[in-house]
Amino acid sequence: MFATKRPSRRSTLLFIFLLSWFLTGCAVQANSENWPGLSVQGSIVYVAHGPAVIAYDAVAQTQRWIFRPENRALQMNATPSVQDGRVIFGDYGASSGMFSPTIIVTAYGLQENDSPTPTTLWTNSTIATDKIIAGPLQVGDTVYIGTADNHLSALDATTGVEQWRFATDGPVWATPTYYEGTLYLTSLDKHVYAINANTGDELWQAELGGAISAQAIVNPAEKLVYVGAYDNTLHALNMDTGIEEWQAVATNWIWSAPALADDTLYFADSSAQVFAVDAASGEKLWQVSIDQMNESGGIASRIEIDGAIQASPVVADGIVYIAAEGNENTEEGLLVALDAETGVEIWQRTTRASLFTTPVIVDDMIVVAMNSELAVLAAYDRASGDPKWTYVPILD
């Protein structure tokens, strides 16, 4: 019975995402229709949520700054890239006028300072004609930005001037991965591309059996690059050639990137299954199902759920943290801590909204982002799962 639900379940998830993606470009809204983008540097958490990008000190529990463009119709949900106090992100675009079909999409480069508003270094509204969903990647003085109109752009990170452009046959929803002069790029066109990071020249491409919305993860020790796809499979490709070395089969679509820790690879799928496999061979070490909640609606009761996992696992100090959709009926999310060696549950916590964004770690806390009027950020003790704080930005 459970297996028969999977095709409709994953189709519904994709439909909801695409519908909300469309709506954000057509209407002025105060709240985001998509899940936030989240990144961290030191104690500062950066969250792109709807009409704003916010820097929040997770230790001091204070807002550092908030950035909102003049056009309040814009939505910004891609993960911000932070390097040397430079914050780069893109928006989902907005109409250029009532009688114009043109959508203006902008990438932004900000410089942090000691004021409540960062300095705008540059904006670029020429690199994309469709939404920027993928978080940018900064490497030195270059920033790489994937776009939903089927390409990757390399910009000067200090000026925003485009240096080169690489075309794909489908939207780019994931941040590229960099290693020693090579970019590994995934696309909804079912391909993985290896690209010269300096010139934009293609080194190789590999076609998989399904669309790819997840970032590639590189393992130099094994000369492998790992990619999860909508063909229910985690693929391990040779870093130099793109030839597939092995596969690890899941039970449903893999939306997110795996997490590599020591010699083990952790990943999850849309049927709330979590897997640990050997990073060299793909041999399964364990598999657990995140399909139960200890509490829902404020009532302590063990209930079965059918919530997908679309965030990447986070691994630290022998614990795997999983952010899940949770209870789709009550729209409560689920945060679970598993023993990295065995997959045994250590603790779980119900969150105020479904979780689709990969959490980040700050000191002894794990911080999640959600699209809720009750909390945009929430922190939990890594060891016990006890709530530490919640944060709701005030947008004028």
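Rule-based calculations on the coordinates, nothing more; no lab input. Because the structure is predicted, anything quoted here is derived from the model rather than measured. Because the Cβ atoms are built from the backbone with ideal geometry, glycine has one as well, and the counts that use them run over all protein chains shown.
Give the calculated FRET efficiency between residue 115 and residue 72 to the nearest 0.05, with a Förster radius of 35 Å applied to their Cβ-Cβ distance.
The computed FRET efficiency comes out at 0.95.
Under the definition of Cα pairs under 8 Å and six or more residues apart, what whole-number percent is the relative contact order of the chain? Could the numbers behind the result be given before it?
Numbers: 1100 pairs, mean separation 31.8, N = 396.
Value for the chain: 8 percent.
Across the options 113, 139, 279, the greatest Cα extent toward the positive end of the charge dipole of the chain (unit charges at beta carbon of Lys, Arg, Asp, Glu) belongs to 113. Tell me the net charge near residue 336. Cut-off is 9 Å between Cβ atoms, residue 336 excluded, with +1 for each Lys or Arg and -1 for each Asp or Glu. After counting each charged neighbour, the total is 0.
Please report the net charge: other residues with Cβ closer than 14 Å to the Cβ of residue 43, K and R +1, D and E -1. The answer is -2. Pick out which of 185, 355, 110 has the largest mean-square fluctuation in a Gaussian network model of the chain, springs linking Cα atoms closer than 10 Å. Checking each option, the largest mean-square fluctuation is seen for 110. In this Cβ point-charge picture (+1 for Lys and Arg, -1 for Asp and Glu), the stretch 185-241 has a dipole of about 140 debye about its Cα centre.
What size of dipole, in debye to the nearest 20, comes out for the chain about its Cα centre when the only charges are +1 on Lys and Arg C-beta atoms and -1 on Asp and Glu C-beta atoms? Provide the component values of the computation, followed by the final result.
Numbers: 18 positive and 46 negative charges, 188 e Å.
So the magnitude is around 900 debye.
Note on the chain: Kirkwood radius taken over Cα pairs, Stokes-Einstein applied at 20 °C and 1.002 mPa s, translational D equal to 101 µm² s⁻¹. Result for the chain in a Gaussian network model with C-alpha springs under 10 Å: among 52, 383, 194, the largest mean-square fluctuation is at 383.
Normalising the Debye intensity of the stretch 303-394 to I(0), with uniform scatterers on Cα atoms only, and taking log10 at q = 0.20, 0.23, 0.25, 0.26 Å⁻¹ returns -0.90, -1.19, -1.37, -1.46.
Just the Kirkwood number for the stretch 90-200, please: inverse of mean 1/r across all distinct Cα pairs, in Å, one decimal. Show your work: numbers first, answer last.
Details: mean 1/r = 0.0690 Å⁻¹.
By the Kirkwood definition, the hydrodynamic radius is 14.5 Å.
Among 348, 215, 83, which one shows the highest mean-square fluctuation when the chain is modelled as a Gaussian network with alpha-carbon springs under 10 Å? Of the options given, 83 has the highest mean-square fluctuation.
In the chain, a dipole from Cβ-located charges (positive for Lys and Arg, negative for Asp and Glu) runs towards its positive end, and of 307, 288, 385 it is 307 whose Cα lies farthest in that direction.
If you take the charge dipole of the stretch 35-114 about its Cα centre, with +1 on Lys and Arg Cβ and -1 on Asp and Glu Cβ, which of 56, 69, 44 is farthest toward its positive end? So the residue furthest toward the plus end is 69.
For the residue pairs 284/388; 131/388; 131/223; 131/190, the C-alpha atoms sit more than 28 angstrom apart in 284/388; 131/388; 131/223.
Where nothing but the Cβ of Lys and Arg (+1) and of Asp and Glu (-1) is charged, how large is the charge dipole of the stretch 46-167 around its Cα centre, in debye to the nearest 20?
Details: 6 positive and 11 negative charges, 55 e Å.
That gives the stretch 46-167 a dipole magnitude of about 260 debye.
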